[in-house]
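The values are calculated or read from the model by the stated rules, or taken from the named source; none is laboratory data. These figures come from a predicted structure and were not determined experimentally. Counting neighbours? That spans all protein chains shown, and the Cβs are built from the backbone with ideal geometry, glycine included.
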Amino acid sequence: MMKIIRISCVLLCAGALLAGCSSNNEYADLQAKMAEIKAKPRGRIQPPPEFTPIAAVSYSAHQLRNPFIPSVDGELVNVPVGRKVEPDFTRPKEYLERFPLDSLRMKGALSKPGGPLYGLLEDPSGATNRVKVGDYVGKNFGHVVEVTETVVSVLEIVPDGQDGWVERPRTIKLVE
């Protein structure tokens, strides 16, 4: 008897499963769209274009000097003659030495009677600063050598590219 109940349960479950797989018209619109897509003519992919081979060129400059390596074949390196210039690295930096020289603008000059002439320089933040002969400005160890009513003359110490230093004069002119 138990066997009959077990077989009837299996048959009942199999029938329920088969009933679930029966064709319903729930997906009829989807099947119609798929049939429409399959009925369209298929496109053709064009073949890739034919490339013409490029003629080979032989490189004939391999025996020449490499332009990226400096030549030392008997050429003497020009070392500037004159007094040796070197910046003072032990000196404490002044406020205007944190700005490049081309970012400083001269706004005017002022002096007290009998006193030195001061140049008024505006830094990139907009603050106006007084400078006099002997002050330092700019990132390249610039030393103020002259102050007039229209110009602040600076002597910078810059690398010469050969492990040395050279002096370079620069001016900051009055901006009107």
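Listed by first and then second residue, the pairs with beta-carbon distance under 9 Å, at least 6 apart or on different chains, first residue in region 96-120 and surrounded by 15 or more Cβ atoms within 10 Å (Cβ to Cβ), second assigned to a helix (DSSP H, G or I) and not β-branched (V, I, T), are L104/L96. Just one of (1) within 30 Å of W165 (Cβ to Cβ); (2) modelled with pLDDT under 80 fails for S22. It is (1). Per this entry, R65 is counted among residues that are surrounded by 10 or more Cβ atoms within 10 Å (Cβ to Cβ), modelled with pLDDT under 90 and not in a helix (DSSP H, G or I).
Return yes when V85 is surrounded by 10 or more Cβ atoms within 10 Å (Cβ to Cβ) and modelled with pLDDT of 75 or more and no when it is not.
Criteria met by V85.
Scoring K33 on the criteria (1) part of a loop (DSSP other than H, G, I, E, B); (2) modelled with pLDDT of 90 or more leaves a single failure, condition (1). Comparison of P53, P92 shows that the only residue that is modelled with pLDDT of 85 or more, part of a loop (DSSP other than H, G, I, E, B) and within 30 Å of G134 (Cα to Cα) is P92.
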